[in-house]
Amino acid sequence: MNSIQKTHTAAPASAQPAAHANGLSPALIGLLATGAGLAVASLYYSQPMLGVLADDIGASERAVGMVPMSTQLGYALGILLLAPLGDRYDRRRIILIKAAILTVALLLAGAASGVATLLAASLAIGLTATMAQDIVPAAATLAPEQHRGRIVGTVMTGLLLGILLSRVVSGFVAEHFGWRAMFVGASASIALVGLAAWRGLPRFHPTSRLSYGALLGSLGTLVSKHGALRRAALAQGLLSVGFSAFWSTLAVMLHGAPFHLGSAAAGAFGLAGAAGALAAPLAGRISDKKGPELVTRLGVTLAALAFASMALAPWFSTQGQLVLLALAAIGFDLGVQATLVAHQTIVYSIEPGARSRLNAVLFVGMFIGMAAGAALGSLALAQWGWIAVVALATLSALLALVVRMWPGAAKAH
């Protein structure tokens, strides 16, 4: 670690941190993966606890339903307005500042006595949970080029497991120890990550001297300049439409005939999706050896096939349909996450000095797809039933495949 620190300290102010011949230590990779996972998990802890939480603070279902919306809104704003700062300032300092504020915001949420305080804390949680979007470019910057895909994939595994397992953990903790204990425990976990980052994370020299306004304005310039960035953001956004349509309607579908299952069953499907997240390092290794373009096409194809397979559900028994849904969830989650890792590998190689901004563009495209998928999925389920959700997800994945197969896609920069 000291050798890494010295390398970064000695670099000129305008230079990016150099790649290291020996790569990153397993401890530092573990820190980055854990930090990314715990940060992004903060966005989802509240969702399984809303019923208990509403009764405890005397809030209506409508009011408490704004809590996850405030968190997601804060995260979207943070990606757009804060993530680009990683190119202008020391990423280590940004991560430490966000970790400190996130720690306090989670404590504030746990101490909230009314919905107004909880909403304000939720917005702050969303804004500062974007430290995950500072950690991933940091990993890409520190990684040697020949191992970048593998290392980014490993860190993304931590991030994705944080998303998939956060609801399971918070539901268990809230049931046995109370919802406030979950927020306090989450705050302690972020504080520990911040302490570990302060001790173990090297400094990063800025790669841009643009003013804040110019930094944000350069996002549009990057989009117009790089075809590879446009394709990555568009393809990942389209995949996210199907991904979000499935997960945002699954609980409602399982609640009705012929399943009549509760929310716990829908949460259990998240564990099936976790298997896909574990494939992220494998996708990174294939990207390193065979090129990320191949991984995007394989990942999108797998997602499309998994989505389409759910159309076979009417030919199965009720138990068989549940098995089919679980297998499809594993398949499309593996495809979506592998494609995301490959897209990040593509994007990070475009302009090393703009990695934070490039990452922001990619994830803004992804979250636009997530929002559209939730809205379109709910509409499709209400108007035409589950088969329409399956059709929407399959179509969105096929359109993503068209984007990746378009002539010149592999050469666009």
### Task
Using Cα positions and a limit of under 17 Å, work out the aspartates and glutamates in reach of Lys225, with same-chain residues fewer than 8 apart set aside.
Glu351
### Message
Apply the Karplus curve 6.51 cos²θ - 1.76 cosθ + 1.60, θ = phi - 60°, to the phi angles in region 71-86 and return the couplings in whole Hz, x for Gly and Pro.
### Response
5, 5, 4, x, 5, 4, 5, x, 4, 6, 9, 10, 4, x, 5, x
## Note on the structure
When every protein chain stays in place and a 1.4 Å probe is rolled, Phe316, Phe246 sorted by accessible area with the largest first are Phe316, Phe246
## Note on the structure
Computed about the Cα centre, the charge dipole of the chain from +1 Lys/Arg and -1 Asp/Glu charges at the Cβ has a magnitude in debye, to the nearest 20, of 1240 debye
### Query
Between Ala111 and Ile387, how many nm apart are label points set 7 Å from Cα along the C-beta direction?
5.6 nm
### Message
Straight-line reach from Lys290: which aspartates and glutamates fall under 19 Å, measuring Cα to Cα and dropping same-chain residues less than 8 apart?
### Response
Glu145
### Task
At 0.36 nm per residue, minus the direct Cα-Cα distance, what do Gln47 and Val252 gain on full extension? Give it in nm, one decimal, please.
72.3 nm
#### Entry: Cross-link reach list, aspartates and glutamates versus Lys98, counting only Cα pairs under 16 Å and skipping chain neighbours closer than eight places
Asp87, Asp90, Asp134
### Query
Taking a probe of 1.4 Å, how large is the accessible area per residue of the chain, in Å²?
41 Å²
### At R0 = 56 Å, FRET efficiency that the Cβ-Cβ distance of Tyr89 and Ile57 yields, to 0.05
0.90
### Message
If each DSSP helix of 4+ residues adds -39,500 (n - 2.57) and the sum is divided by the residues in the chain, what number results at 222 nm, nearest 500 deg cm²/dmol?
### Response
-26000 deg cm²/dmol
#### Entry: Glu175 accessible area, assembled protein chains, probe 1.4 Å, Å²
150 Å²
### Per-residue HN-Hα couplings for region 169-183 [Karplus 6.51, -1.76, 1.60; θ = phi - 60°; Hz; x = Gly/Pro]
5, 5, x, 5, 5, 4, 5, 9, 10, x, 5, 5, 4, 5, 5
### Segment Trp406-Arg203, length gained on full extension (0.36 nm per residue, minus Cα span)
69.1 nm
### Task
Among Ala116, Val241, Leu81, flag the residue with its Cα farthest along the positive direction of the charge dipole of the chain, charges on Cβ as +1 for Lys/Arg and -1 for Asp/Glu.
Leu81
### Highest average packing first - 338-346, 223-231, 357-365, 282-290, Cβ atoms within 10 Å
338-346, 357-365, 282-290, 223-231
### Task
Tally up the carbon and sulfur contribution to the accessible surface of the chain as a whole percent, 1.4 Å probe, everything protein left in place.
69 percent
### Task
Could you run the Karplus curve 6.51 cos²θ - 1.76 cosθ + 1.60 with θ = phi - 60° over region 154-166 and give me ³J(HN,Hα) per residue in whole Hz, x for Gly and Pro?
5, 5, 5, 4, x, 4, 5, 5, x, 5, 6, 9, 4
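The values are calculated or read from the model by the stated rules, or taken from the named source; none is laboratory data. On a predicted model such as this, the values are computed, not experimentally measured, just so you know. Because the Cβ atoms are built from the backbone with ideal geometry, glycine has one as well, and the counts that use them run over all protein chains shown. Protein only, heavy atoms only, side chains kept; ligands, DNA and RNA dropped before computing areas. Shrake-Rupley method; radii C 1.70, N 1.55, O 1.52, S 1.80 Å.
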